[in-house]
1. Ignoring everything except DSSP H segments at least 4 long, calculate the 222 nm mean residue ellipticity for the chain; use -39,500 (n - 2.57) per segment, divide by total residues, nearest 500.
2. Using the alpha-carbon atoms, what tilt in degrees (0 to 90, nearest 10) does helix 2-19 show relative to the longest principal axis of the chain?
3. Only bridges whose two residues both fall in the chain count here: according to DSSP, what percent of them are antiparallel, nearest 5?
4. Using the heavy atoms of the protein chains and a 1.4 angstrom probe, tell me the accessible area per residue for the chain in square angstrom.
5. Return the single residue from ILE174, ILE107, ILE54 with maximal mean-square fluctuation; model: Gaussian network over the chain, springs between Cα atoms under 10 Å.
6. So for the chain, taking the charge dipole from beta-carbon charges (+1 Lys/Arg, -1 Asp/Glu), which of VAL238, ASN209, LEU154 sits furthest toward the positive end?
7. Using the Cα gyration tensor of region 84-126, with a ≥ b ≥ c the square roots of its eigenvalues, what is the shape: rounded (a/c below 1.5), prolate (a/b larger than b/c) or oblate (neither)?
8. Which of the three applies to region 166-222, rounded, prolate or oblate, going by the alpha-carbon gyration tensor with a ≥ b ≥ c and a/c under 1.5 meaning rounded?
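The values are calculated or read from the model by the stated rules, or taken from the named source; none is laboratory data. Model, not experiment: these values are computed from the prediction. Quick reminder, even Gly has a Cβ in these numbers, built from the backbone with ideal geometry, and neighbours come from all protein chains shown. In case anyone asks, the SASA skips ligands and DNA or RNA and just uses the protein heavy atoms, side chains included. Shrake-Rupley method; radii C 1.70, N 1.55, O 1.52, S 1.80 Å.
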Amino acid sequence: MKKTNLIIMLAAAMLLTGCMKEDNTTEGRIAKAMKEYAKKNFDDPKSLVEVPLIEANEEIIDARELAIKTLEASAKLDSICEARGDSVVSGFKKITDNLKNGKIRPIKSKIDESFEYLIRLELWGDKLYSSSQDKNLRDFYYNEVDSLVKNLTLYPITTYNINARVKENGELKIKHFYTWSCDTTTVFKIYDEPLRKDNLKNENLIIENVNKLLDYGTKRQDFIEEGVKLLQDFTWLVE
């Protein structure tokens, strides 16, 4: 019986030691960093009993890959928008020429609706050339993202959740801590709250500009699609 109890106690001790194992693996180095954090930030460093869980989040922050893929998609979308915009303008010109020449005419029961759509197409064409803010802003953020990718050193980043068992007022509690790493990480910094934006300034600068590029690209695409739909709808209103 005593032998059995001894084995159980040794197994438990080994388990606890394993939780705080400070080997050269990522988890081992994080455990060591957590211990150093406790020494500097806990009122009683010994209150850190163990680190039972160090878990990498599945989502990896890869600002470079995100930026490159966004630039490629944005360039393709911009080319499509240019072509479709030119097609709408060409179609509108063809309609007006055919109306003047009598080659087409509005369906009698839909004359008012036909001219309403024609006016809307004309207004759309005016906006295409006179209101180019979204296009200019899209180009601006495209160049911003492209420049950041070329000039910033960026690595894929993995974030980690750390569960630490801490003794407080005689009771054991699980407290949550956080860290992150990339290919060049040598020292892990421990945080007592999820990773903030100001911890990853370069990455978040790119992500912020990528979102603006996507936003203005979407606005431009929506405007072009509005013209395409107007043109398509108008063809059902003439003979």
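1. Calculated from helices alone, the mean residue ellipticity at 222 nm is -21500 deg cm²/dmol.
2. The answer is roughly 40 degrees.
3. 100
4. Averaged over the residues of the chain, the accessible area is 66 Å².
5. Most flexible of the set in this elastic network: ILE107.
6. Going by the charge dipole, the pick is LEU154.
7. Oblate, since a/c reaches 1.5 and b/c is not below a/b.
8. prolate
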